[in-house]
1. State which residue is farthest from the chain's Cα centre (by Cα) when the search covers only region A:251-261 and only residues that are within 8 Å of chain B (Cβ to nearest Cβ) and at pLDDT below 90.
2. Provide a single number: the residues in region B:8-55 that are among the aliphatic types (A, V, I, L, M) and assigned to a helix (DSSP H, G or I).
3. Which members of region A:292-344 meet the condition of being part of a strand (DSSP E or B) and either in contact with a Phe, Trp or Tyr (Cβ under 9 Å, 6 or more places away or on another chain) or closer than 18 Å to A:PRO239 by Cα (or both)?
4. I'd like the residue in region A:179-216 that is part of a loop (DSSP other than H, G, I, E, B) and within 13 Å of another protein chain (Cβ to nearest Cβ) and, out of all such residues, is farthest from A:PHE242 (Cα to Cα).
5. Just wondering, is there one or more residues in region A:74-97 that are touching an Asp or Glu at 6+ places or on another chain (Cβ under 8 Å), within 21 Å of A:MET133 (Cβ to Cβ) and not in a helix (DSSP H, G or I)?
6. A:GLY237 - would you say it is within 19 Å of the chain's Cα centre (by Cα), at pLDDT 95 or above, surrounded by fewer than 24 Cβ atoms within 10 Å (Cβ to Cβ) and in a loop (DSSP other than H, G, I, E, B)?
7. Would you confirm, using the coordinates I've provided, whether A:THR85 is surrounded by fewer than 17 Cβ atoms within 10 Å (Cβ to Cβ) and among the hydroxyl-bearing types (Ser, Thr, Tyr)?
8. Any residue in region B:15-37 that is under 24 Å from B:LEU302 (Cα atoms) and surrounded by 24 or more Cβ atoms within 10 Å (Cβ to Cβ) sitting within a Cβ distance under 8 Å of a residue that is among the charged types (D, E, K, R) and modelled with pLDDT under 95? List the pairs, counting only those 6 or more apart or interchain.
2 protein chains.
Amino acid sequence: MPLEKFDGLELSAPSDFHVHLRDGEMMRLVTPTIRQGGNNIVFVMPNLVPPITTVQRALDYQKQLQSIEPAVKYLMSLYLHPDVTPEVIREAKKAGIAGVKSYPAGVTTNSSSGVVDYEQFYPVFKAMEEEDMILNLHGESPSGPDITVLNAEEAFLPTLLDLHKRFPNLRIILEHCTTAAAIEAVKECGDNVAATITAHHLYLTVDDWAGDAFCFCKPVAKLPKDKRAILKIAVSGNPKFFFGSDSAPHPVEAKHGGASGKGKIAAGVFTQPYTTPYVVDALERACEKRLLSEDQVTKEKLEGFLGGFGRAFYKVSDDRQERMVLKKQKTIVAESIRAESGNLEVVNFRKGEELGWTVASSSYKLPTKSR
Amino acid sequence: MPLEKFDGLELSAPSDFHVHLRDGEMMRLVTPTIRQGGNNIVFVMPNLVPPITTVQRALDYQKQLQSIEPAVKYLMSLYLHPDVTPEVIREAKKAGIAGVKSYPAGVTTNSSSGVVDYEQFYPVFKAMEEEDMILNLHGESPSGPDITVLNAEEAFLPTLLDLHKRFPNLRIILEHCTTAAAIEAVKECGDNVAATITAHHLYLTVDDWAGDAFCFCKPVAKLPKDKRAILKIAVSGNPKFFFGSDSAPHPVEAKHGGASGKGKIAAGVFTQPYTTPYVVDALERACEKRLLSEDQVTKEKLEGFLGGFGRAFYKVSDDRQERMVLKKQKTIVAESIRAESGNLEVVNFRKGEELGWTVASSSYKLPTKSR
């Protein structure tokens, strides 16, 4: 039990800087799980159908989320799209919207309205730089003659470096980075370029999603060397790297592939109800396998990764100063969460497997609903 | 229509040097599709449960297959296992068994009885060399700290080269090769080392099976450069490379992953009813995309790849001298094949998609059963 030293540890409540809360029944099902995973500040992705491209829709969405779970601070985003003009950026800034998410066309869930050519958005990026708004990049190049899901992130890195050079004061986040190459690229950039890291990429490699629908996500998990690099940077104390779960709920039917007879599997791993336990469990497993040494995993670095570094980058604070306690306690991941209607079920990452940790405090409880 | 020149072309009936016919109801469903795909000689894999490790079981299996479809010649194999001794090899040779299949432990369907250490089988390989039997290698190393499904084949190549050096006269086939590296390794070996190539690897890359259960198989399809190398060698006229479908039927539920709630997807692509049309269609698509030039695809090379080269390597001939006619005719791949009981359904590769070719002659008919 390499991380036993953390049993009973009290931390600032974590933040999750990349969440997918969807809308409708899915939103009502998923939003309450944010606090179950330990978080009280989240950065909300705008890839609804249709995507959120106006300030008013972002604010309406925020209001809906607040009504479902008021004890979370929702940082909102717009979806980079021709409708998002420099004027919209200035309006968004005034309205308190935190970032603009860029999806290259076609690479992931609901990205068909995404970016084909970045140059057309230079005036928008300029306005964002002036207004100190964050550009959140889904950093993958669309598939091409020699670009596959395996090197799509690496192929995107020149675009990241070019945007950073053109807009040196623009705050940029390379979302859900999955490769050693991406980590190196972000390290090379200035302090205003950061990256988020998911919980599931602390566990997975290509072998895990080859043949397992519930481990398949975009960007796909890569090679063992990439996983080692991600684990290492997550506990490095480098404030440019912080947690964003990219928790992506899909109805179980969309993950089956077979229910429709089509075999297609929706990309996304659902981690929201257990984000903090997953992260600590993954780090502990990495220590057990000697991928990390337990000395590397300190309270300060963990607290920074789980939220402190992200809050500093986003220039946001936890007004309520909530605290969370880590408990060394074995728990079995519930099969799924289900809507009360019975019509919607979302399967948890690592369902039925053992987690070594839970989070607790008067405010935080693990999910009790299970299949 | 780059290969229009082949419309009406008469060829020797093709052979499929890597088939999975299973047993029980699945065997009864799948075996009749061999001739639908155009083939009248097949090399049958021994990975039943339990695996076929005795001459008697191989002969019994052959008899069952013959009773289902007498118009096919079934070349039989044993499963490399401690039960297969040099004495068994000599008995197998006398009984007309063609080869011994080696599965590294744990890499694919029903391989849990597979090989961990090749050295223990050196006396068996020596006996096979003396008896002129074929060693059929599933050429993948088991996953390890830096070995994944992506480089498992390349990691195996030193073993292939070592076995070839130790047993220079042993006929060896690297089954279902999927990488440019494997093709180069086989080319470097003597004439008694060959490789089979599947139909589906003429179509697929990693992007196809990422998120599609019905394109997931082992070895997994690799990168675009590997696919280009496979296409090129398939029409090269090099007799060391010939067709083996590795058609792998699984009940549709095993491909869903979700029916069991577990998300696990059985590895295997089912191509048997359309093997020849798939190959010609894939080559034509490659010509359309300029991955091949139509001049490269000649009648002689196609006929060699589809069977002539393999029959020469296996030292087997088509006693009936059957002929098959290629027809340029659009057809939609049927959804699946179903057992009459209604309890078993196997989904076809590229179900619902268009194929540009069919095979015909008095003896060959495409499947009419469809979902």
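1. We begin by selecting, within region A:251-261, every residue within 8 Å of chain B (Cβ to nearest Cβ); these are A:252-253, A:255-259, A:261.
Remaining after also requiring at pLDDT below 90: A:253, A:255-259, A:261.
Numbers: A:GLU253: 23, A:LYS255: 19, A:HIS256: 23, A:GLY257: 24, A:GLY258: 27, A:ALA259: 28, A:GLY261: 30 Å.
Ranking the qualifying residues of region A:251-261, first place goes to A:GLY261.
2. Going through region B:8-55 one residue at a time, the tally reaches 6.
3. A:MET324, A:VAL325, A:LEU326, A:LYS327, A:LYS328, A:GLN329, A:LYS330, A:THR331, A:SER336, A:ILE337 - these are the residues of region A:292-344 that are part of a strand (DSSP E or B) and either in contact with a Phe, Trp or Tyr (Cβ under 9 Å, 6 or more places away or on another chain) or closer than 18 Å to A:PRO239 by Cα (or both).
4. A:GLY211
5. Among the residues of region A:74-97, not one is touching an Asp or Glu at 6+ places or on another chain (Cβ under 8 Å), within 21 Å of A:MET133 (Cβ to Cβ) and not in a helix (DSSP H, G or I), which makes the answer no.
6. Considered against the rule, which asks whether it is within 19 Å of the chain's Cα centre (by Cα), at pLDDT 95 or above, surrounded by fewer than 24 Cβ atoms within 10 Å (Cβ to Cβ) and in a loop (DSSP other than H, G, I, E, B), A:GLY237 comes out as yes.
7. Values: surrounded by fewer than 17 Cβ atoms within 10 Å (Cβ to Cβ): yes; among the hydroxyl-bearing types (Ser, Thr, Tyr): yes.
So A:THR85 passes the test.
8. What qualifies is B:SER15/B:ASP318.
The values are calculated or read from the model by the stated rules, or taken from the named source; none is laboratory data. Predicted model only: the values in this text are computed from it and were never measured. Here Cβ is always computed from backbone atoms with ideal geometry, including for glycine, and neighbour counts include all displayed protein chains.
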